[in-house]
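Here the structure is laid out as structure tokens; the discussion comes afterwards.
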Amino acid sequence: MSGENHTNTIGIAEVFGDSTDRASRLPRPARSVKEAARETPVLAETDVLVVGGGPAGTAAAIAAGRLGAEVMLVERYNHLGGLSTGGLVIWIDRMSDWNGKQVIAGLAGDFLDRLPDDAVKGPERSDWGSADVATAAYWAQRTAAFHGITTWSPTVDPEALKTLSMQMTLEQKVRLLFHAYAVEPIVEDGAMRGAIFESKEGRHAVLAKVVIDTTGDADLLARAGLSFETDSDPTDIHSCINTAFMIGGVDMNRWIDFKTGDGQGFKDFMARGRERLKYFERPFVSWRNDIALFMGPRLAGYSAVDVEDLSEIEIRSRQLTMGHLETYKEHAPGFENAFLMLGAPQIGVRHSRRLLGENKVVRGQWDDGTVWDNEIGVSTSLAPKFPNISVPYGALVPVGLDGVLAAGRHVACDTNSHSFLREIPQCWLTGQAAGVAAALSADAGIAPRALDPRLIQRELLRQGAYLSPSIEAAADASTRAAE
């Protein structure tokens, strides 16, 4: 109708409908089918098989390759990096401690040091640990200052990290297999000997001396029959799931000026968004001023290992993505020319299963500063009042099954410690340690749990990782004794 002024607004309910919750699901039939017995061809035999090419799996493959092991890395998507790339978790949380020292180092440092300068945005090294009020205030708006202290918490270009991750694995002659999904572990005599994968070719087996489960949800270990800890508050942010998204064509400096300079206007805008969508998020900065990152809205009460829950989350996330785009474009300074740039190819899972390991990181460590004798890395703590957190090798070693290690967000810990051990840098940390341990175990022909932790520590230090001073001294002493 000519002459009328219409707002081009997508009717979310009309487009998607309302049948996206559990109440609308059809009941599952109480039936099963019998599958015929089969022989599965072996695709490859290798020293180390890494299942899952997220941050932990990529680090594991590179670390094992550096020791000369034959490594195969199998990934279900078309890229490496997992949630740090395909999941758009491009804000790489703190790697420096509260004094400004980078304690999550090694491959974590290599990845960020080797990215192009225009693919990383964060504070200068000289500002890490700074309590300068103006510096911290600036970086607090850019996800790199907390408790008044500036930290090394950059944002990165996910495509650049994909490219670099692939390059670094290929440098170590890692055999990459994309578009293959692990469906079954191969277990013989109490040890995992490989895994069966499904792909466009059907089913194939890969045999290995040592397997590393870096699926994020411990899928292989679960299908091997192991038990896990799954307790968590379903309403807590660390148990939520969603699909992240990026909006382009924005001016984040204008947005930050609005958020910090017009308190009432910002409050009114957020209230408008919550009234319209109920779940409403503010954007994070990215590595570019013209791209806004949304790592929510975070959806509670869903299971990351329920296929119908995962499907519902994708639908609801897309609804909320479009609602955010409309609301910001219509009402937020700096978003007038906004457009949806990318919905994450990978769903953003924070918690599902946690390993029952030989050791476990627990809340008590935060207070007493426990340093494990078998430490394989050091994590930053959640607040300046806590010391750094020592991560033991046993947190990667499952109880009840040999021939396999676990790394990434399902390492052994309590729910409180999981809130930071699931983050990207900590996944690099545990992945690198698992890769080193797997290569050493495969070379020695022993089970990973029988490996001397000092051997792992010595190699991690050679690869640039940071360990607690007492552990580094003990590892150095063992090196001198072996020479």
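Among the numbered conditions (1) out of contact with any Asp or Glu (no Cβ under 6 Å at 6 or more places or on another chain); (2) open to solvent by less than 60 Å² (accessible area, probe 1.4 Å), the only one that E314 does not meet is (2). Can you tell me how many residues in segment 442-462 are acidic (D, E), open to solvent by 50 Å² or more (accessible area, probe 1.4 Å) and assigned to a helix (DSSP H, G or I)? The number of residues fulfilling the criteria is 1. Across segment 46-79, the qualifying residues are those that are among the polar types (S, T, N, Q) and open to solvent by 10 Å² or more (accessible area, probe 1.4 Å), and the one among them that is farthest from L176 (Cα to Cα) is T46. State yes or no: is G301 modelled with pLDDT under 95 and farther than 15 Å from L88 by Cβ? Against the criterion (modelled with pLDDT under 95 and farther than 15 Å from L88 by Cβ), G301 qualifies. Highlighted here are the strands (runs of 3 or more DSSP E) found entirely within segment 164-262 that include at least 1 residues which are more than 26 Å from S84 (Cβ to Cβ): 181-188, 191-199, 202-213.
For I104, the conditions (1) out of contact with any helix residue (DSSP H, G or I) (no Cβ under 8 Å at 6 or more places or on another chain); (2) among the β-branched types (V, I, T); (3) crowded, with 18+ Cβ neighbours inside 10 Å are fulfilled apart from (1). Filtered by the rule that a residue be assigned to a helix (DSSP H, G or I), of a type in the set (D, E, K, R) and under 13 Å from T151 (Cβ atoms), segment 117-137 gives R125, D127. Taking each residue of segment 251-276 that is in contact (Cβ under 8 Å) with a residue 60 or more places away in the chain and looking for partners that are assigned to a helix (DSSP H, G or I) with beta-carbon atoms closer than 7 Å, six or more apart or interchain, yields F258/G265; F258/F266; K259/F266; F269/H331.
Residue-wise test of (1) among the charged types (D, E, K, R); (2) surrounded by fewer than 20 Cβ atoms within 10 Å (Cβ to Cβ); (3) modelled with pLDDT under 95.
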position: W287; (1), (2), (3): no, no, no
position: L310; (1), (2), (3): no, yes, no
position: L342; (1), (2), (3): no, yes, no
position: R353; (1), (2), (3): yes, no, no
position: V361; (1), (2), (3): no, no, no
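For segment 363-391: of the residues being open to solvent by 10 Å² or more (accessible area, probe 1.4 Å) and closer than 14 Å to L429 by Cβ, which is nearest to the chain's Cα centre (by Cα)? Result: N388. Determine the pairs where a residue that is on the phi < 0 side of the Ramachandran plot, located within segment 389-417, has a partner that is open to solvent by 10 Å² or more (accessible area, probe 1.4 Å) and in a strand (DSSP E or B) with Cβ atoms under 6 Å apart, the partner being 6 or more residues away or on another chain. That search, which allows pairs on different chains as well, returns G394/G357; A395/G357; V397/G357; A412/G357. If the condition is being surrounded by fewer than 24 Cβ atoms within 10 Å (Cβ to Cβ), farther than 14 Å from F228 by Cβ and hydrophobic (A, V, I, L, M, F, W, C), then segment 392-433 contributes only F420.
Restricting attention to segment 342-383, which residues are in a strand (DSSP E or B) and closer than 24 Å to R274 by Cβ? Scanning segment 342-383 gives G343, G348. I241 satisfies every condition listed in (1) under 18 Å from the mean Cα position of the chain (by Cα); (2) open to solvent by 20 Å² or more (accessible area, probe 1.4 Å) except (2). Look at A218 and say whether it is under 24 Å from I313 (Cα atoms) and either crowded, with 20+ Cβ neighbours inside 10 Å or hydrophobic (A, V, I, L, M, F, W, C) (or both). Judged against the criteria, A218 is a match. Taken together, the residues in segment 180-195 that are farther than 22 Å from S441 by Cβ and either among the β-branched types (V, I, T) or buried (at least 16 other Cβ atoms within 10 Å of the Cβ) (or both) amount to 3. State whether one or more residues within segment 164-175 are basic (K, R), in contact with a Gly (Cβ under 9 Å, 6 or more places away or on another chain) and surrounded by fewer than 19 Cβ atoms within 10 Å (Cβ to Cβ). Yes.
All conditions but one from (1) farther than 30 Å from G122 by Cα; (2) among the polar types (S, T, N, Q); (3) under 19 Å from the mean Cα position of the chain (by Cα) apply to S227; the one that does not is (3). Please tell me if V391 is over 22 Å from A144 (Cα atoms), among the aliphatic types (A, V, I, L, M), outside any loop (DSSP other than H, G, I, E, B) and in contact with a Gly (Cβ under 7 Å, 6 or more places away or on another chain). When the stated conditions are applied, V391 passes them.
The values are calculated or read from the model by the stated rules, or taken from the named source; none is laboratory data. If you're wondering where the values come from, they're calculated on a predicted model, not measured in any experiment. In this analysis, Cβ positions are derived from the backbone assuming ideal geometry, glycine residues included, and neighbour counts consider all displayed protein chains. In case anyone asks, the SASA skips ligands and DNA or RNA and just uses the protein heavy atoms, side chains included. Shrake-Rupley method; radii C 1.70, N 1.55, O 1.52, S 1.80 Å.
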